[in-house]
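Just so it is clear, none of the values below were taken in a lab; they were calculated from the coordinates. Bear in mind the structure is a predicted one, so any value in this text is a computation, not a measurement. Reconstructed Cβ throughout: ideal geometry from the backbone, glycine too, with neighbour counts over all protein chains shown.
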Amino acid sequence: TDYWVVVPAAGVGKRMGADRPKQYLPLLGRPLLSLTLQNILSWPGLAGIVVALSAEDAFFSHLKEANHPKVHRVVGGDERADSVLAALEFLSARESGNTPVLVHDAARPCVALGDITALLDREVSATALLARPAGDTVKQGCDTGGATFVERTLDRTQIWLAQTPQRAPLELLRNCISQALNQGAAITDEASALEFFGHSPQLIEGQSDNIKVTHPSDIVVAEAILRLRYA
Ligand code: CTP
Ligand code: MG
């Protein structure tokens with residue numbers, strides 16, 4: 001089945017602290033978002049990509065992929081979920097409600113094709129996400145008088161760290177995100193919007209090198225991962 005990919009790329013990259021949004025920082029000499037789009041354009045069965053951009057974006061139109069026939073753009077919103085919703089509304093106007101959609105962060109250029117194949121496998125649930133089992137021991141903290149103390153240690157074997165892509169049928173995802181936002185729910189990924197309405201997306205173990213470029217040192221790590229893969 002053909003599927004669409006939504007790429008939220010409307011963030012400011014506050015934690016990166018660079019002179020421009022992190023999706024436009026150079027990685028191996030090319031803008032990060034350009035590498036992410038090039039990666040997605042190589043996935044078999046791709047119908048198209050919808051990129052959500054900031055209304056003030058001054059960089060996207062200079063990317064090599066900006067004029068690719070499969071690449072569409074929409075204006076994003078204040079939070080990541082608003083940006084994803086804008087892209088889903090664009091798709092709703094032209095695709096059927098059960099079209100599979102994969103939402104993938106602009107800031108994850110390193111996701112490997114094997115992970116995409118695993119997520120799209122016919123045995124996998126229609127709602128699913130790539131995730132990593134927690135590697136570190138996980139503490140739940142409690143703030144007391146300006147300091148934080150351990151409340152308890154969670155059972156690490158049941159803790160997963162969400163990555164992207166995350167997949168769901170178009171209308172289900174659009175409805176869940178839109179209604180969760182209306183109800184003021186904290187929606188930090190697509191799965192959390194589905195969970196808010198009682199769905200239980202399937203966890204698919206992804207590779208540890210599908211990092212989200214967030215802090216300055218992540219640029220160096222992502223370059224090393226990509227150099228290793230494409231060398
Ligand atoms: N994103 C978006 N719209 C927003 C906020 C984030 O499309 N209003 C996108 C980012 O561009 C990124 C992805 O969502 O590709 C994951 O978000 P994150 O890593 O938090 O990026 P930023 O929000 O840009 O970074 P920061 O939180 O450090 O400001
Ligand atoms: Mg953010």
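Restricting to the range 56-83, name every residue that is in contact with a Gly (Cβ under 8 Å, 6 or more places away or on another chain) and among the hydrophobic types (A, V, I, L, M, F, W, C).
Val71
Any chance you could count how many residues in the range 101-118 are away from ligand 2 (no atom under 16 Å from the Cβ) and outside any loop (DSSP other than H, G, I, E, B)? Don't jump to the end; show me each part of the working.
Start the filter on the range 101-118 by keeping residues that are away from ligand 2 (no atom under 16 Å from the Cβ), which leaves 101-102, 109-118.
Restricting the remaining residues to those that are outside any loop (DSSP other than H, G, I, E, B) gives 101-102, 113-118.
Counting residues in the range 101-118 that are away from ligand 2 (no atom under 16 Å from the Cβ) and outside any loop (DSSP other than H, G, I, E, B) gives 8.
Tally the residues that are surrounded by 15 or more Cβ atoms within 10 Å (Cβ to Cβ), over 17 Å from the mean Cα position of the chain (by Cα) and in contact (Cβ under 8 Å) with a residue 60 or more places away in the chain, restricting the search to the range 187-218.
Total satisfying the criteria: 1.
Go through the range 1-41 residue by residue and tally those that are polar (S, T, N, Q), touching a residue at least 40 places away in the same chain (Cβ under 8 Å) and away from ligand 1 (no atom under 12 Å from the Cβ). Spell out how you get there, then give the answer.
Narrowing the range 1-41 to residues polar (S, T, N, Q): 1, 23, 34, 36, 38-39.
Okay, now just the ones that are also touching a residue at least 40 places away in the same chain (Cβ under 8 Å), so 1, 23, 36, 39.
Adding the requirement that they be away from ligand 1 (no atom under 12 Å from the Cβ) leaves 1, 39.
Final tally of qualifying residues: 2.
Could you look through the range 66-89, keep only residues that are among the charged types (D, E, K, R) and in a helix (DSSP H, G or I), and pick out the one that is farthest from ligand 1 (Cβ to nearest atom)?
Selected residue: Glu89.
Do we find that Ala81 is surrounded by 16 or more Cβ atoms within 10 Å (Cβ to Cβ) and either among the basic types (Lys, Arg) or closer than 24 Å to Gln179 by Cβ (or both) in this structure? Even if it seems obvious, please write down each step before you answer.
Working: surrounded by 16 or more Cβ atoms within 10 Å (Cβ to Cβ): yes; either among the basic types (Lys, Arg) or closer than 24 Å to Gln179 by Cβ (or both): yes.
Yes: the conditions hold for Ala81.
Do we have Val103 as without any contact (Cβ under 8 Å) to a residue 60 or more places away in the chain and of a type in the set (A, V, I, L, M, F, W, C) here?
Values: without any contact (Cβ under 8 Å) to a residue 60 or more places away in the chain: no; of a type in the set (A, V, I, L, M, F, W, C): yes.
When the stated conditions are applied, Val103 does not pass them.
Kindly evaluate Leu172 against the criterion of being over 23 Å from Leu33 (Cα atoms), in contact with a His (Cβ under 9 Å, 6 or more places away or on another chain) and not in a loop (DSSP other than H, G, I, E, B). Give the steps one after another, and end with the answer.
Values: over 23 Å from Leu33 (Cα atoms): yes; in contact with a His (Cβ under 9 Å, 6 or more places away or on another chain): yes; not in a loop (DSSP other than H, G, I, E, B): yes.
Against the criterion (over 23 Å from Leu33 (Cα atoms), in contact with a His (Cβ under 9 Å, 6 or more places away or on another chain) and not in a loop (DSSP other than H, G, I, E, B)), Leu172 qualifies.
Which members of the range 69-116 meet the condition of being within 20 Å of Gln23 (Cβ to Cβ) and of a type in the set (S, T, N, Q)?
Ser83
Do we have any residue at all in the range 9-19 that's under 22 Å from Val101 (Cβ atoms) and assigned to a strand (DSSP E or B)? Don't jump to the end; show me each part of the working.
Going residue by residue through the range 9-19, those that are under 22 Å from Val101 (Cβ atoms) are 9-11.
Retained after the next criterion (residues that are assigned to a strand (DSSP E or B)): 9.
Within the range 9-19 (the criterion being under 22 Å from Val101 (Cβ atoms) and assigned to a strand (DSSP E or B)), the answer is yes, since at least one residue qualifies.
Rundown of residues vs (1) over 26 Å from Ile177 (Cα atoms); (2) touching a Pro at 6+ places or on another chain (Cβ under 6 Å), yes/no style:
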| residue | (1), (2) |
| --- | --- |
| Asn98 | no, yes |
| Pro109 | no, no |
| Ala112 | yes, no |
| Asp115 | no, no |
| Val124 | no, no |
| Leu129 | no, yes |
| Asp136 | yes, no |
| Lys139 | yes, no |
| Ala147 | yes, no |
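For the range 3-26: of the residues being hydrophobic (A, V, I, L, M, F, W, C) and buried (at least 24 other Cβ atoms within 10 Å of the Cβ), which is nearest to ligand 2 (Cβ to nearest atom)?
As a first pass, look at the range 3-26 and keep what is hydrophobic (A, V, I, L, M, F, W, C): 4-7, 9-10, 12, 16, 18, 25.
With the extra rule that they be buried (at least 24 other Cβ atoms within 10 Å of the Cβ), the set shrinks to 5-7, 9-10.
On the way: Val5: 19, Val6: 16, Val7: 14, Ala9: 12, Ala10: 10 Å.
Step by step, filter the range 3-26, then rank; the result is Ala10.
State whether the residues of the range 43-61 include one that is away from ligand 1 (no atom under 11 Å from the Cβ), touching a strand residue (DSSP E or B) at 6+ places or on another chain (Cβ under 7 Å), touching a residue at least 60 places away in the same chain (Cβ under 8 Å) and in a loop (DSSP other than H, G, I, E, B).
yes
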